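Asks: Can you read through this structure? Questions will come right after.
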Amino acid sequence: MTSTPAFDLVVRNAQATTASDTFDCDIGVRDGRIVQLGMKLAAGAREIDAAGRTVTPGGVDAHCHLDQPMPAPLRMADDFDTGTRSAACGGTTTVIPFAAQQKGQSLRAAVEDYRARAAGKAHIDYAFHLIVSDPTPTVLNEELPALIREGFTSFKIYMTYDDMKLDDGQILDVLAVAREHGAMAMIHAENADCIGWLTRRLEAAGRTAPRFHAHARPMLVEREATHRAIALAELVDVPILIVHVSGREAVEQIRWARAHGLNVFAETCPQYLFLTAEDLGIDDSYQGAKCVCSPPPRDKANQQVIWDGLNDGLFTVFSSDHAPFRYDAPEGKKPGGEEVAFRHIPNGIPGIETRMALLWSEGVLAGRMTPHRFVELTATGPAKAYGLHPRKGTIAIGADADLVIWDEREFVLKNEMLHHDVDYTPYEGMRLKAWPGVTLARGEVMWDGAAFTGRTGHGRFLPCGTPTLLSGRRG
Ligand code: URP
Ligand code: ZN
Ligand code: ZN
């Protein structure tokens, strides 16, 4: 007589690493959840031996853009199929992209449209942030409160981009809703008027190559907007999270706010550790368009400031800000097939698959960061910031069996290894020391170290709870 296995899956001999601890154990999985952690667990229907390897929680990429509607002729290269495939192959098991409201559109309609884009396509679990670009009385008084109750508990506010930006009064209105209804407000902090003024002057001088994107968005435009965002949040008395922080001057504003007892959280991204403004070009070559993103990458000294902030607790979240546009494409970095002036190059770079390995390799294995801090930044912190913890972002009984088993091996990164639908990676040619050997999403193998093994439609929509970080708010 054969007995039924005690578990659907057992990951044996794991060196399990969380945001606080490392412990040797077997991980028993049933119905997609971790149900037992211990030594010498009973048999599973499937077994994976992780002997000698670190096992971390699957990554939570809390800032990525997938199939976000764009003005013609632009189109994002990744939808929920290719984007979540790429994420899983890089060790990410949860994504939080953005349901973006267009001006004049109801927020509810934006969410319904975005849910339809994701439905049946995602390989890993997903939640949504909202982008509020038109805070009408209906949005503020009816739609936002109702959507927060339904599990859309975070939203992004832009201080730049003509089609997205809010003025200070509008930002105060939206922050007041976040305070009243318990949502996390994420802020893209760059001063739109300064950028517009600099852009016009650069264009008048014939300086339109991709590298001038960085000249139009110097650090002070980020510093000023970060300071203003903090002041607006202080006025409303609500926590905020500043996204994609690029360097020292913005970091200083956030440290100042913290020193004054304000709940200001922060996110940064790989591009601010591994790219500099020189990647936008040292001459007028159009190749620099590949690295056009906002804020732009800065310099080596600013990279060190970001490393310091990752280690000392300034940053809560390390996201990809994956914003995928093909380089050699009329719907991408060459709109309409042309090499255009920098102001018309779509902003954003791909990185959903490389985020985890870059930080594990160049942070943990290079001795710059503890493995616990890595887990905090890539999984636990984002899950807490957006109301998904403890289901996501940790290795614990009851948590989803979202796991990465790491392989340590040296290799040279090439775009052809990646699973996104973008024709380049900004990190082409980088030497890395590790890559996920296995990615498990709710107990299913998504990536076996050689191939994507996931299943379309495995990913489920996750309604978010109240962000854990909001419980510390003042007032
Ligand atoms: O350049 C960037 N970051 N593009 C994506 C959109 C955004 O602002 O996050
Ligand atoms: Zn942004
Ligand atoms: Zn973004």
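Asks: From VAL404, VAL422, grab the single residue that is within 26 Å of ALA266 (Cα to Cα) and in contact with a Pro (Cβ under 8 Å, 6 or more places away or on another chain).
Replies: VAL404
Asks: Among ASP26, ASP61, ASP21, ASP79, which is the only one that is within 28 Å of ALA118 (Cα to Cα) and surrounded by fewer than 24 Cβ atoms within 10 Å (Cβ to Cβ)?
Replies: It is ASP79.
Asks: Right, something else. Find the residue count for the range 336-389, including only residues that are part of a loop (DSSP other than H, G, I, E, B), within 19 Å of the chain's Cα centre (by Cα) and among the charged types (D, E, K, R).
Replies: 1
Asks: Tally up the residues in the range 119-167 that are within 16 Å of ligand 2 (Cβ to nearest atom) and of a type outside the set (Lys, Arg), please.
Replies: 17
Asks: Something else now. Do any helices (runs of 4 or more DSSP H) entirely within the range 185-241 hold 3 or more residues that are in contact with a Leu (Cβ under 6 Å, 6 or more places away or on another chain) and more than 27 Å from HIS260 (Cβ to Cβ), and if so, which?
Replies: Those helices (runs of 4 or more DSSP H) span 212-216.
Asks: If you don't mind, another one. Which is away from ligand 2 (no atom under 16 Å from the Cβ) and crowded, with 19+ Cβ neighbours inside 10 Å, of ARG409, ARG368, ARG373, ARG343?
Replies: None of the others qualify; the one that does is ARG373.
Asks: Given the criterion at pLDDT 95 or above and more than 17 Å from the chain's Cα centre (by Cα), identify the matching residue among ILE131, ILE124, ILE157, ILE148.
Replies: On the way: ILE131 fails: more than 17 Å from the chain's Cα centre (by Cα); ILE124 fails: more than 17 Å from the chain's Cα centre (by Cα); ILE157 fails: more than 17 Å from the chain's Cα centre (by Cα).
Result of the check over ILE131, ILE124, ILE157, ILE148: ILE148.
Asks: Another question, then. Would you please name the residue that is farthest from HIS244 (Cα to Cα), looking only at residues in the range 289-304 that are free of Cβ contacts under 8 Å to residues at least 60 places away in the same chain and either of a type in the set (Gly, Ala, Ser) or crowded, with 23+ Cβ neighbours inside 10 Å (or both)?
Replies: Per the criteria, the residue is ALA301.
Asks: If ILE397 satisfies all but one of (1) farther than 28 Å from CYS291 by Cβ; (2) buried (at least 24 other Cβ atoms within 10 Å of the Cβ); (3) hydrophobic (A, V, I, L, M, F, W, C); (4) over 14 Å from the mean Cα position of the chain (by Cα), what's the number of the condition it fails?
Replies: Status for ILE397: all satisfied but (2).
Asks: Shifting gears a bit: Checking TYR286 against (1) among the aromatic types (Phe, Trp, Tyr); (2) surrounded by 24 or more Cβ atoms within 10 Å (Cβ to Cβ); (3) away from ligand 1 (no atom under 15 Å from the Cβ), which single condition isn't satisfied?
Replies: It is condition (2) that TYR286 fails.
Asks: Looking at the range 76-131 only, could you name the residues that are touching a helix residue (DSSP H, G or I) at 6+ places or on another chain (Cβ under 8 Å), within 19 Å of GLU353 (Cβ to Cβ) and either part of a helix (DSSP H, G or I) or of a type in the set (D, E, K, R) (or both)?
Replies: ASP78, ASP79, PHE80, ALA118, LYS121
The values are calculated or read from the model by the stated rules, or taken from the named source; none is laboratory data. Nothing here was measured: the structure is a model prediction, and the numbers come from that model. FYI the Cβ positions are ideal-geometry reconstructions off the backbone, even for glycines, and counts take in every protein chain you see.
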